[in-house]
Amino acid sequence: MALPTPSSAPSSAPEANSPVTSTQIWLNQNNLNGTKVVDVQLDCEHLSEGELILETDSFGFSANNITYAALGFKMGYWGFFPAEEGYGIVPVWGFATVKVSRHPDIQEGEKVFGYLPMASHWVIKAGKVAPHGFSDIHENRKSISPVYDQYLRCSADPGYDANREAWQLNFRPLYMTSFVLDDYVAELSKGESLLLSSASSKTALGTAQLLKDQKAQRGASYKVIGLTSPANVDMVKATGCYDDVISYSELDKLDKSDTFWLLDFAANGTLINNITQAIGDKLSKVSLIGATDWEAQEKPNPKLLDAEIFFAPSRVKLRQKEWGHDVFLKKYAKAWQGFASKVDNTFFEQSHKGTKDIVALYKETLSGNADTKALNVVSFK
């Protein structure tokens with residue numbers, strides 16, 4: 001098997017018997033405002049065959065990560081990176097360097113992209129090793145989908161651009177959801193107008209761009225309508241991703257002669273009830289995608305709504321199987337480049353270094369006060 005060379009120079013591995021300190025940020029699973037910074041010693045001497053220590057270089061952070069915490073029990077996100085009882089480590093998407101390797105086909109110093117804990121270092125067990133990447137098959141990792149276990153080798157990734165790492169950190173996992181959600185809607189749409197709540201969120205923007213920009217080639221007649229707070233209307237309109245943008249206080253502007261499919265990224269039951277009151281039985285379908293409004297007093301009840309929960313990893317797995325992994329990545333990379341060029345001037349990079357800054361960013365995002373236009377680049381040092 002021909003394997004790629006590392007995309008960066010090998011880092012200096014720790015001395016054979018010296019432990020590696022993993023600085024980890026734990027969340028109180030029953031009170032998401034509660035955080036604890038913990039140092040854990042990782043034993044390099046007794047790593048098993050196939051195990052690696054990954055050192056986190058940088059990761060992105062947005063409302064998507066709050067969804068992981070808010071749905072930690074319901075969807076199983078707490079199981080990926082276990083902490084002591086009562087606490088959990090929120091998953092993030094980021095770049096890491098292989099600091100220590102006990103796998104013959106994975107070199108120390110190699111750079112990868114994937115699903116990481118909010119921690120400076122972590123032990124994984126590499127399996128399914130291929131030219132494009134490998135998976136974590138560690139028995140401690142309680143995964144809910146193989147998609148979350150994959151680590152892409154940056155040296156072999158068609159979507160990697162060293163000059164746009166901030167975009168990849170913040171958009172790639174979200175745009176992956178956008179990419180497969182667009183594919184799903186295109187397959188099942190019957191011409192309904194598409195309502196996207198939390199229209200300023202990165203996942204909603206990516207979905208809207210794909211749906212709108214591909215209407216002509218699909219011969220589709222649907223409208224793509226963003227729903228957002230009054231403060232975000234102008235920003236969302238400026239992206240050009242939607243056919244129309246309406247604030248939550250103006251739901252009466254929706255055309256009652258249309259039928260609607262709601263793609264809900266907020267998980268706010270009150271909002272869904274308000275939409276239902278505004279358009280009645282014209283709301284023909286509801287799909288629940290995220291939970292950006294984790295503090296919503298009323299959560300949507302899928303059974304009462306006759307709603308479905310869209311689980312992106314299942315769609316990714318389906319298309320990877322049908323198209324092949326390499327074709328899937330190439331299609332995704334092409335779509336991603338189109339989106340990035342469209343919204344290039346909408347967002348700005350913002351750096352956060354050290355545990356104090358990381359905890360502050362987490363709490364700011366949790367409270368809903370983080371700037372949605374920021375591309376957060378987060379690191380432990």
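All of the numbers you see were taken from the coordinates with simple rules; none came from a lab. Worth saying up front: this structure is predicted, and the values here are computed from it rather than measured. Cβ sites come from the backbone with ideal geometry, for glycine too, and all protein chains shown count toward neighbours.
For every other residue with a beta carbon closer than 10 angstrom to the beta carbon of SER135, add +1 if it is Lys or Arg and -1 if Asp or Glu, then tell me the sum. Once all neighbours under 10 Å are counted, the net charge is +1. Ellipsoid fit via the Cα gyration tensor, region 166-246: semi-axes of 19, 17, 10 Å, each the root of five times an eigenvalue, largest first. At most 12 other C-beta atoms within 10 Å and a DSSP loop state: those are the exposed GluC sites (Glu not before Pro) I care about. Give me the longest piece of the chain that has none. Looking at the chain, 140-294 is the longest stretch - no exposed GluC sites (Glu not before Pro) with at most 12 other Cβ atoms within 10 Å. Summarised as an ellipsoid, the chain has semi-axes of 37, 23, 18 Å, derived from the eigenvalues of the Cα gyration tensor scaled by 5 and square-rooted, with the largest first. Rounded to the nearest 0.05, the FRET efficiency derived from the C-beta distance between ASP344 and GLN214 at R0 = 22 Å is 0.65. Cα extents for region 75-193 along the principal axes, largest to smallest and rounded to whole angstrom: 53, 38, 26. Note: relative contact order over region 170-310, using C-alpha pairs below 8 Å and six or more positions apart, is 21 percent. Modelled spin labels at SER18 and LYS353, positioned 7 Å past Cα toward Cβ, are 2.1 nm from each other.
FRET efficiency for the pair ASP161 and ASP281, taken as 1/(1 + (r/R0)^6) with r the Cβ-Cβ distance and R0 = 56 Å, rounds to 0.75.
Averaging 1/r over every pair of different alpha carbons in region 170-310 and inverting the result gives a Kirkwood radius of 14.9 Å. The separation of region 305-380 from region 90-135, counted between C-alpha centres, amounts to 19 Å. Based on the Cβ-Cβ distance of VAL37 and GLU108, what FRET efficiency does E = 1/(1 + (r/R0)^6) give at R0 = 35 Å, to the nearest 0.05? Calculated transfer efficiency: 0.85.
The stretch between MET75 and THR270, if pulled fully straight at 0.36 nm per residue, gains 68.0 nm over its current Cα-Cα span.
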